[in-house]
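The values are calculated or read from the model by the stated rules, or taken from the named source; none is laboratory data. In this text the structure is predicted, and so the values were computed from the model without any measurement. For neighbour counting, all protein chains shown are included, and Cβ atoms are generated from backbone atoms with ideal geometry for every residue, glycine included.
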Amino acid sequence: MSSVSSQPAGRSKARRASAPEGGAVRSGMTLAAYLFLSPYLALFTVFMLLPTALPMVALGLGLAMLLDQKLMGTALVRTVVFLPYVVMVSTVGILWGWLFDKGTGLVNYYLTMIGLDPIAWLKDPHWSMPALAITTIWWTVNTNMIIFLAALQDISEDLHDAATLDGAGPGQRFVYITLPLLRPAMALVTALTIINGWRVFGQAYVMTQGGPEASTFVIVQYIYLTAFQNFEMGPAAAAGVVLLLITLVFSLAQMKLMKAI
Amino acid sequence: MQDQRSSRAGQSLGGRSLAYVLMIVVTALWGAPILWMLVTSIKPESEIYAYPPTWIPDVPTLEAYGALFQRFPMLTWFRNSAIVGIITTVLTLAVDALAAYPLARMQFPGRRIIMGVVFATFLLPYELLFVPLFLGLNSYGLVDSIFSLTVPASANAFGVFLLTQFFQAVPRELEDAAIMDGCSRFGFFWRILLPLTKPGLATVAIFTFVASWNNFFWPLIATNSDETRTLPVGLATLVGGAGMSMKQSVLMASSVVATLPTAIFFLALQRHFVRGIAATGIKG
């Protein structure tokens, strides 16, 4: 056949993401063992999902509530927060890769300005995931904000009026009216955030290539590396199925939550 | 108190001031990276790494843009992205509208099953499909072609889902009357249904184009030459190689060029984006 068949496109990529600890990923090793026991994926789960998903949901709600008010300028702020949505992932990676640069990045400049020590961010295994998380939040929290905004606008103002007449303060109105009525949106946003967290790839590929010390090695990068760099299609396809199962679990949980409400 | 909504954060002056302070902080945090990208792209070499960093270049210059287009196949990548985006959008509109019409407006055995299957693909993480898709295209020698970047993307459950909802909202009497007057099913679809649902078609078109423009993972796999490489993949090669350091002004210029079309799109058509996300919760 064509020359392509013996030379999958991935090989000629300008960069090769490096596998964690060289040959640790072997097709002989059962995939389940790799995926569930691998400390890297455990790390990923803890350090990517929790720090990203929680702020993504909380911040999405916070931004929506802030910008749902009838104040001058909210439309402009919404536009600014939404703008990163249309920025492609390579650009996000290039931009934030520099912002997080140890020597010349803006983040460290402002950190030192307020008296903190500069952080090696993308070169430090402890800080690489938080850096990716911040990047991801900046890039995609707007989706959550929009869903929450739509849900907030569906809440009848009469409910708030009535509660105010009955003497409920802003805090009580939030806990007893806003939050319960936001539950479907909350379920949707949480599920989407977690699912998209599992699917993170581009940021990690451009900014850290999975490093340092595999601290940002994500499951989609495993698929990319295994299938299109090492040409082991079997394990890669199996990893895809695992990703599907994870996604399904969260999708079904979300649907159940929506129905229960 | 005439404005209940503003009372949610406290209608007091203090509450409102706090809201404004937060809004300024949010604008700064989300706007600064974009502004930094723009500012750096027009800085001369001597100012890029100036300490302290400057937000207004002393001597603005376009030399980074010149270097970008001279040294890298930016125009080719840009052209590829535009071709792929336009073909994908046209194909998606055709496939999705034709799929949504019977699903939304006809009764036939198996309709619910087909609908279920189509919408279930919504839940699939598309990374799952890349290995079989690659193997399939490869066996026909179609990898590294415009075909591999456009046709597989056109069967898009998001578009079918959104258009089904728009099509269902058109009254049945309209279709009955049109057919009574001798209009064919396709005539109704083409001359009445599509013009009536333009906002839905526009939303699908915009999302499809932006998603295609920004799509990274599949073109990364499916292209291996500058002849077919799209912008996101091309840009990623600019930061390649650990030792190679490219001038930040050139990188930022590349980012500006890559972002400009979708940013203009977005600023002009913001409400379509908001509607699409609110309806389906997708990330492009």
Residue list for the range A:229-261, restricted to those being part of a loop (DSSP other than H, G, I, E, B) and either within 7 Å of chain B (Cβ to nearest Cβ) or aliphatic (A, V, I, L, M) (or both): A:I261
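In the range A:183-206, what count of residues is obtained for those that are part of a helix (DSSP H, G or I) and of a type in the set (K, R)?
1
Find the helices (runs of 4 or more DSSP H) located wholly in the range A:112-182 whose residues include 3 or more that are touching a residue at least 12 places away in the same chain (Cβ under 8 Å), and list them.
Working: elements: A:125-154, A:157-165, A:170-173.
Answer list for the range A:112-182: A:125-154, A:157-165.
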Whichever residue in the range B:212-228 is more than 10 Å from every other protein chain (Cβ to nearest Cβ) and either within 25 Å of B:G276 (Cβ to Cβ) or modelled with pLDDT of 90 or more (or both) and, among such residues, is surrounded by the most Cβ atoms within 10 Å (Cβ to Cβ): B:S212
Residues of the range A:156-183 satisfying the condition of being farther than 20 Å from B:G15 by Cα, modelled with pLDDT of 85 or more and either in contact with a Gly (Cβ under 6 Å, 6 or more places away or on another chain) or surrounded by 15 or more Cβ atoms within 10 Å (Cβ to Cβ) (or both): A:L181, A:L182
Breaking point among (1) surrounded by 22 or more Cβ atoms within 10 Å (Cβ to Cβ); (2) closer than 30 Å to A:M186 by Cα; (3) more than 8 Å from chain B (Cβ to nearest Cβ), for A:T226: (2)
Failed item, numbered, when A:V242 is tested on (1) in contact (Cβ under 8 Å) with a residue 60 or more places away in the chain; (2) within 21 Å of B:N138 (Cα to Cα): (2)
Every pair of residues 6+ apart whose Cβ atoms lie under 7 Å, when the first sits in the range B:186-198 and is assigned by TED's automatic domain parsing to the domain that holds B:E175 while the second is surrounded by fewer than 16 Cβ atoms within 10 Å (Cβ to Cβ) and in a helix (DSSP H, G or I): B:F188/B:I179; B:I192/B:L174
Per-region count, the range A:86-136, residues at pLDDT below 90, hydroxyl-bearing (S, T, Y) and buried (at least 17 other Cβ atoms within 10 Å of the Cβ): 1
Residue within the range B:55-77 that is surrounded by fewer than 17 Cβ atoms within 10 Å (Cβ to Cβ), under 23 Å from the mean Cα position of the chain (by Cα) and more than 12 Å from chain A (Cβ to nearest Cβ) present: yes
Any pair with Cβ under 8 angstrom, 6 or more apart, that starts in the range A:64-75 at a residue that is surrounded by fewer than 19 Cβ atoms within 10 Å (Cβ to Cβ) and ends at one that is assigned to a loop (DSSP other than H, G, I, E, B): A:K70/B:D3; A:T74/A:D68
Residues located in the range B:117-145, provided they are away from chain A (no Cβ under 13 Å) and either crowded, with 17+ Cβ neighbours inside 10 Å or within 20 Å of B:A169 (Cα to Cα) (or both): B:V118
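Would you pick out the residues in the range B:37-58 that are aromatic (F, W, Y) and touching a residue at least 60 places away in the same chain (Cβ under 8 Å)?
Within the range B:37-58, B:Y49 is the sole residue that qualifies.
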Qualifying residue in the range A:77-90 (condition: more than 7 Å from chain B (Cβ to nearest Cβ) and more than 22 Å from B:F273 (Cα to Cα)): no
Residue in the range B:78-124 that is farthest from A:L244 (Cα to Cα), counting only those that are under 24 Å from the mean Cα position of the chain (by Cα) and of a type in the set (S, T, N, Q): B:N80
Boolean, B:P195 is surrounded by fewer than 15 Cβ atoms within 10 Å (Cβ to Cβ), out of contact with any Leu (no Cβ under 7 Å at 6 or more places or on another chain) and modelled with pLDDT under 90: no
